[in-house]
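**Student:** The following block contains the structure, expressed as structure tokens.
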Amino acid sequence: MNETVRKTRRLHIITHGCQMNVYDSARMADVLAPLGYAPAASPEGADMVIMNTCHIRERAAEKVFSALGRLRDLKEASGGVMMIAVTGCVAQAEGDLLLKRAPYVDLVVGPQAYHRLPELIAQVHRAGGSVIDTDFPTETKFDHLPEQAAPQGVIANLTIQEGCDKFCSFCVVPYTRGAEASRPAASILAEARRMVAQGTREIALLGQNVNAYHGEGPNGVGWSLTRLLAELAEIDGLTRLRYTTSHPSDMTEALILAHRDNPALMPFLHLPVQSGSDKILNAMNRKHTADDFRRIVARLREVRPDMAFTSDFIIGHPGETDADFAATMALVRETGFALAYSFRYSPRPGTPAASLAQVPAALADARLQELQAELRRQQDAFNEATVGLTLPVLFTGAGRHAGQIAGRSPYAQPVVVRAPAPLTGAVHRVKITHSNPNSVIGVLSQDTGEATATGQQNQEALYA
Ligand code: SAH
Ligand code: SF4
Ligand code: F3S
């Protein structure tokens, strides 16, 4: 009996940025739980506030400093007791500057060092002042994160690969997350099994280049993402798998065929293309052409006719002319996306494109608006095209109103259904009756047919 009873402390985590930060925030909570830190819904009265930050665009990074100002006031109100930690990609990229601008921050910890939080906190308590740890340690955090973890809900994220060696001209990720590294398959499978035992039914495998996954298999031989997905699909109770974000250059034929052959894999792919102009793709150092992207989309639709796609676009990258933008619009019109994210190019310190002649902001904005109007139209058309279809829906929990239950379609659409039974965690067939801009509404289908991931008959309806 050597368990110590610890004082409960309140931990509030603010998460900016991508799904990988969402995963990291959950893991930081797991790291701190043994020290007595329990999640708190607001920063008021918290003993520790972690701001997990994003550096991808200027606006994201600036958000950190405005939010820190508010935290400083709360810290003062606590008589200096509240500890403030800044983690994530801004911590990695601008840690020193951050401590200069906000000396009241106690801890600055990079994305590969947060398993060391307990010792860093102890260091602050011991020595006072601020502590910064933006190492890329030789030991990986995944070997040091606790096995105990809080339940993540019906849908959860699982990071399997991190960092990036591709060095696109515009992107900070290779600098903030470091070199590409894949986790060994055994540790991923163990984490997935634990999640499923805690009620998770859908897992999104995460990586900055997730389809470049090449982790060590149990017998020392490297596993591809396709192999890992096949093994994960064998876990009892794990009904759905997704993976994000993929790079077109790493989209192998085997992975494409997995969308036909792996019953857990959803007919849905986030495949950022960034631009439809080969000249700009080359300037971006993307290492693929617009036609490569077209071929991947066509092949996936061939093997899995009800496949739907999402993507990312950067508008106004240095060198982008009207003709380059027209090529992007043409690619968008001919592909037909279920949803897509588009951003005005934001010059990032230390990246190659930042030092080139910039496209005037007003011109880039006008192009962005034109693209976003088309993407909005496509998203509405996609959601409307699902009306009348019967889709298998994974229920995730109570809806916002009494008597409603919420879930996700195979296309990650939020679905709301009036349902009496507590169906959370189950997949049930739902007839879609109505579409909203960001969700759809349906009724439980009386048809008791097996709730497979999808129905190939949907193809005609979705892309008519
Ligand atoms: N690993 C992913 C992308 C990670 S960043 C990939 O290879 O596609 C997510 C998205 O942010 C990118 O797809 C890109 O569209 C956008 N982005 C990245 N850097 C940007 C910048 N400097 N300005 C504007 N958008 C950017
Ligand atoms: Fe950034 Fe390119 Fe790597 Fe994606 S592939 S994380 S856009 S450098
Ligand atoms: Fe942002 Fe870092 Fe993710 S820069 S997008 S939080 S990898």
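**Student:** In the stretch 318-339, is there at least one residue being more than 16 Å from ligand 3 (Cβ to nearest atom), over 30 Å from Y175 (Cα atoms) and among the polar types (S, T, N, Q)?
**Tutor:** Yes, some residue in the stretch 318-339 is more than 16 Å from ligand 3 (Cβ to nearest atom), over 30 Å from Y175 (Cα atoms) and among the polar types (S, T, N, Q).
**Student:** Could you check the stretch 382-412 and list, in sequence order, the residues that are more than 13 Å from R240 (Cα to Cα) and in contact (Cβ under 8 Å) with a residue 40 or more places away in the chain?
**Tutor:** Listed by number, the residues that qualify are F382, N383, E384, A385, T386, V387, G388, L389, T390, L391, G397.
**Student:** Now for a different question. Given the residues D47, D24, which is the only one that is outside the structural domain of E147 (by TED's automatic domain parsing), among the acidic types (D, E) and more than 16 Å from ligand 2 (Cβ to nearest atom)?
**Tutor:** It is D47.
Condition check ((1) in contact with a strand residue (DSSP E or B) (Cβ under 9 Å, 6 or more places away or on another chain); (2) among the polar types (S, T, N, Q)) across all residues:
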{"position": "L368", "(1), (2)": "yes, no"}
{"position": "R377", "(1), (2)": "no, no"}
{"position": "N383", "(1), (2)": "yes, yes"}
{"position": "G388", "(1), (2)": "yes, no"}
{"position": "V393", "(1), (2)": "yes, no"}
{"position": "G397", "(1), (2)": "yes, no"}
{"position": "R400", "(1), (2)": "yes, no"}
{"position": "G407", "(1), (2)": "yes, no"}
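**Student:** Next up: Look at D24 and say whether it is among the charged types (D, E, K, R), buried (at least 18 other Cβ atoms within 10 Å of the Cβ) and within 16 Å of ligand 3 (Cβ to nearest atom).
**Tutor:** Taking the combined requirement at face value, the residue satisfies it.
**Student:** Okay, next question. With the requirement that a residue be within 21 Å of T424 (Cα to Cα) and either without any contact (Cβ under 8 Å) to a residue 40 or more places away in the chain or in a loop (DSSP other than H, G, I, E, B) (or both), what does the stretch 231-251 give you?
**Tutor:** A233, I235, D236, G237, L238, T239, L241
**Student:** Quick one: in the stretch 80-93, which of the residues that are aliphatic (A, V, I, L, M) and surrounded by 12 or more Cβ atoms within 10 Å (Cβ to Cβ) is nearest to ligand 2 (Cβ to nearest atom)?
**Tutor:** A93
Table: residues versus (1) closer than 19 Å to R348 by Cβ; (2) surrounded by fewer than 18 Cβ atoms within 10 Å (Cβ to Cβ).
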{"site": "L11", "(1), (2)": "no, no"}
{"site": "G17", "(1), (2)": "yes, no"}
{"site": "M20", "(1), (2)": "yes, no"}
{"site": "H55", "(1), (2)": "yes, no"}
{"site": "A61", "(1), (2)": "yes, no"}
{"site": "S78", "(1), (2)": "no, yes"}
{"site": "D96", "(1), (2)": "yes, yes"}
{"site": "L107", "(1), (2)": "no, no"}
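**Student:** For the stretch 212-230, what are the residues that are out of contact with any Cys (no Cβ under 9 Å at 6 or more places or on another chain), hydrophobic (A, V, I, L, M, F, W, C) and in a helix (DSSP H, G or I)?
**Tutor:** Listed by number, the residues that qualify are L225, L228, L229, A230.
**Student:** Confirm whether S346 is small (G, A, S), closer than 15 Å to V273 by Cα, surrounded by fewer than 22 Cβ atoms within 10 Å (Cβ to Cβ) and out of contact with any Pro (no Cβ under 6 Å at 6 or more places or on another chain).
**Tutor:** The answer is no for S346.
**Student:** Among the numbered criteria (1) closer than 27 Å to F142 by Cα; (2) free of Cβ contacts under 8 Å to residues at least 40 places away in the same chain; (3) touching a helix residue (DSSP H, G or I) at 6+ places or on another chain (Cβ under 9 Å); (4) of a type outside the set (S, T, N, Q), which single criterion is violated by G17?
**Tutor:** (2)
**Student:** Here's another thing I want to ask about it. Counting just the residues of the stretch 145-169 that are modelled with pLDDT of 95 or more and aliphatic (A, V, I, L, M), which one comes out farthest from ligand 1 (Cβ to nearest atom)?
**Tutor:** The extreme case among them is V154.
**Student:** Counting only residues that are under 24 Å from C89 (Cα atoms), give me the strands (runs of 3 or more DSSP E) lying completely in the stretch 258-374 with at least 3 of them.
**Tutor:** Numbers: elements: 268-270, 308-315, 339-344.
So the answer is 308-315, 339-344.
**Student:** For the stretch 1-107, which strands (runs of 3 or more DSSP E) that fit wholly inside it have 3 or more residues that are under 23 Å from the mean Cα position of the chain (by Cα) and of a type in the set (A, V, I, L, M, F, W, C)? Spell out how you get there, then give the answer.
**Tutor:** Numbers: elements: 9-15, 37-39, 48-53, 83-87.
Hits in the stretch 1-107: 9-15, 48-53.
**Student:** Being surrounded by fewer than 16 Cβ atoms within 10 Å (Cβ to Cβ) and either away from ligand 2 (no atom under 16 Å from the Cβ) or more than 20 Å from S439 (Cβ to Cβ) (or both) narrows it down to one residue among A353, A361, A338, A385; which is it?
**Tutor:** None of the other options fit; the residue is A361.
**Student:** Next question, about the same structure. Pick out the one residue from R126, R177, R116 that is among the charged types (D, E, K, R), within 14 Å of ligand 3 (Cβ to nearest atom) and more than 30 Å from A406 (Cα to Cα). Walk me through how you get there before you give the answer.
**Tutor:** On the way: R126 fails: within 14 Å of ligand 3 (Cβ to nearest atom); R116 fails: within 14 Å of ligand 3 (Cβ to nearest atom).
Residue meeting the stated conditions: R177.
**Student:** On to the next question. Taking the stretch 208-240 only, how many residues are out of contact with any Phe, Trp or Tyr (no Cβ under 6 Å at 6 or more places or on another chain), small (G, A, S) and surrounded by 17 or more Cβ atoms within 10 Å (Cβ to Cβ)?
**Tutor:** Step one: filter the stretch 208-240 for residues out of contact with any Phe, Trp or Tyr (no Cβ under 6 Å at 6 or more places or on another chain), giving 208-209, 211-214, 216, 218-224, 226-240.
Still in the running and small (G, A, S): 212, 220, 222, 224, 230, 233, 237.
Still in the list and also surrounded by 17 or more Cβ atoms within 10 Å (Cβ to Cβ): 212, 224, 230, 233.
Looking only at that region, the number is 4.
The values are calculated or read from the model by the stated rules, or taken from the named source; none is laboratory data. Keep in mind it's a predicted model, so treat the numbers as computed, not measured. Cβ coordinates were reconstructed from backbone atoms using ideal geometry, including for glycine residues, and neighbour counts include every protein chain displayed.
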